[in-house]
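In what follows, a structure is listed as structure tokens, so that the remarks can point back to it.
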Amino acid sequence: MKIITSIAEMKRVSGGLKKYSRSVSFIPTMGKLHEGHIKLIEEGKKYGEAIVSIFVNPMQFAPDEDYDSYPRDYERDIEILKNLGIKYLFYPTADIVENSATFVINPEYSDRLCGLFRTDHFRGVLTIVMKLFCIITPNFAFFGLKDYQQYVLIKKAAEDFFLDVKVIPVKTVREKCGLAMSSRNAYFNDYDRGIAGNFYKALKETVDLFNAGEKLGENLVFFAIKKLIKNGFKVDYVKITDKDLNIKEQSVRNGDIMLSAVEFKGVRLIDNIFFETLLKK
Ligand code: PAF
């Protein structure tokens, strides 16, 4: 596997692949790879030569967040990528963000949901992802649905800048207990990780209530918050939106999504679930 740290070389390699008619799939990560990343990479491989990046982006962390302690395991990540048959890892240095005078923002959709609690987070995410898109110019890019707001914002930014990249969402991978895979799950011991599975369980029970006939958004949100608090979570928010992140408080329909962020044992978790009536066969 070629580990590329230089922006100029990454441009050359990616341009070369495309010139010789290989589509480029891009999977940006912050490392500490887990099953969720592996799924993104496996999807990416189906569409073309998969280029993975690892960069813990300081721009998307607030000063009081866990940038310094964010889980990192470079050696293990390299082994995982080699075993997956990845040929190119982009591992940029801090210059990629240092001295940057230009930022990418979406004021309308960045400042709701997670954005209300993590000021400038999505500005940091959109800026690094657009920089990476400019360097790699991928044909396809892959993002996990656990970070649904991030996926929608990146897709919109790529469209707004007329980039020739198709942004592809990939289903959330979960631990046995239901907890969505995340690098931050490394903060939990096995016992707490099991209990954290109650986060998704509360979301699923809310969809069960929807399927049983409750369609009023505010009642569904109230139900979910009650369950979460009872299970020991500190709730940042529970909101229902349509697929484009427009908040819905009244009538909820199939295809709408419930998004939530909570804190458990000092770890911030996010997750979401789509409302879908399970059709009886
Ligand atoms: O989802 C992540 O891991 C990060 O937000 C991303 C997309 C790699 C940008 O730093």
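Bear in mind that the values in this text are calculations on the coordinates, not laboratory data. Note that the structure is predicted; figures quoted are calculated from it, not measured. Because the Cβ atoms are built from the backbone with ideal geometry, glycine has one as well, and the counts that use them run over all protein chains shown.
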For this session: Please identify every one of the chymotrypsin sites (Phe, Trp or Tyr not before Pro) in region 109-171 that sits in a loop by DSSP and has no more than 13 other beta carbons within 10 Å of its own beta carbon.
Result: F161, F162
Exercise. Which three lengths, in whole Å and largest first, does region 23-145 cover when its Cα atoms are put on their principal axes?
Worked result: 38, 30, 29
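Provide, as a two-decimal number, the C-alpha radius of gyration of region 137-195 over 2.2 N^0.38 Å, N being how many residues it has.
Numbers: Rg = 15.0 Å, N = 59, 2.2 N^0.38 = 10.4 Å.
Against the empirical 2.2 N^0.38 Å value, I get 1.45 for region 137-195.
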Exercise. Once you charge only the Cβ atoms, +1 for Lys and Arg and -1 for Asp and Glu, what is the size of the charge dipole of the chain about its Cα centre, to the nearest 20 debye?
Worked result: 920 debye
Problem set entry | Theoretical FRET efficiency, 1/(1+(r/R0)^6), r = Cβ-Cβ of M1 and Y191, R0 35 Å, to 0.05 | 0.45
Exercise. For the chain, what is the calculated [θ] at 222 nm in deg cm²/dmol (nearest 500), taking -39500 (n - 2.57) for each run of four or more DSSP H residues and dividing by its residue count?
Worked result: -11500 deg cm²/dmol
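Of K176/K265; K19/K171; K146/K166; K2/K171; K18/K87, which ones are farther than 26 Å apart at the Cα? Walk me through the numbers before you get to the answer.
Numbers: K176/K265 19 Å; K19/K171 31 Å; K146/K166 18 Å; K2/K171 28 Å; K18/K87 15 Å.
Violating the 26 Å Cα-Cα cut-off are K19/K171; K2/K171.
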Exercise. Rounded if a/c is under 1.5, else prolate if a/b beats b/c, else oblate: with a ≥ b ≥ c from the C-alpha gyration tensor eigenvalues square-rooted, which is region 139-280?
Worked result: oblate
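Which value results when the Cα radius of gyration for region 85-219 is divided by 2.2 N^0.38 Å? Mind showing how you got there, number by number?
Details: Rg = 18.0 Å, N = 135, 2.2 N^0.38 = 14.2 Å.
Compared with the compact-globule rule of thumb, region 85-219 sits at 1.27.
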Exercise. Could you state the per residue volume, in Å³, of the convex hull enclosing the Cα atoms of region 222-281?
Worked result: 105 Å³
Problem set entry | Only Lys, Arg (+1) and Asp, Glu (-1) charged, at Cβ; region 1-111 dipole about Cα centre in debye | 1020 debye
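Give me the net charge for the shell around A224: Cβ to Cβ below 12 angstrom, other residues only, Lys and Arg +1, Asp and Glu -1. List each step's numbers first, then the result.
Working: positive: K201, K204, K226, K227, K230, K239; negative: E205, D208, E214, E218, D271.
Summing Lys and Arg as +1 and Asp and Glu as -1 gives +1.
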Exercise. Quick one: Cα centre-to-centre distance for region 125-155 and region 63-101, in angstrom?
Worked result: 15 Å
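When only DSSP loop residues count, what trypsin sites (Lys or Arg not before Pro) in region 166-257 have their Cβ near at most 15 other Cβ atoms within 10 Å? Display every interim value, and only then the final one.
On the way: sites: K166, K171, R174, K176, R184, R193, K201, K204, K215, K226, K227, K230, K234, K239, K243, K248, R253; in loops: K171, K176, K215, K243, K248, R253.
Taking region 166-257 and a limit of 15 other Cβ atoms within 10 Å, the loop trypsin sites (Lys or Arg not before Pro) found are K171, K176, K215, K243, R253.
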Problem set entry | Cα-based reach from K11 at 16 Å (exclusive), listing aspartates and glutamates while leaving out same-chain residues under 8 positions away | E49, D95, D164
For this session: DSSP loop (so not H, G, I, E, B), at most 16 other Cβ within 10 Å: list which GluC sites (Glu not before Pro) in region 209-257 pass both filters.
Result: E214, E249
Problem set entry | Inter-site label distance for N211 and I229 at 7 Å from Cα along Cβ, in nm | 2.7 nm
Problem set entry | Long-range amide H partners of F26 with built H, under 5 Å | I51, F140, A141, F142
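Please state, to two decimals, what the Cα-based radius of gyration of the chain comes to when divided by 2.2 N^0.38 Å (N = residues). List each step's numbers first, then the result.
Numbers: Rg = 19.2 Å, N = 281, 2.2 N^0.38 = 18.7 Å.
Compactness ratio reported: 1.02.
Starting from 0.36 nm per residue, how many nanometres of slack lie between N219 and E263 once their C-alpha separation is accounted for? Don't skip to the end; give the middle numbers.
Working: separation 44, 0.36 × 44 = 15.84 nm, distance 2.20 nm.
So the extension gain works out to 13.6 nm.
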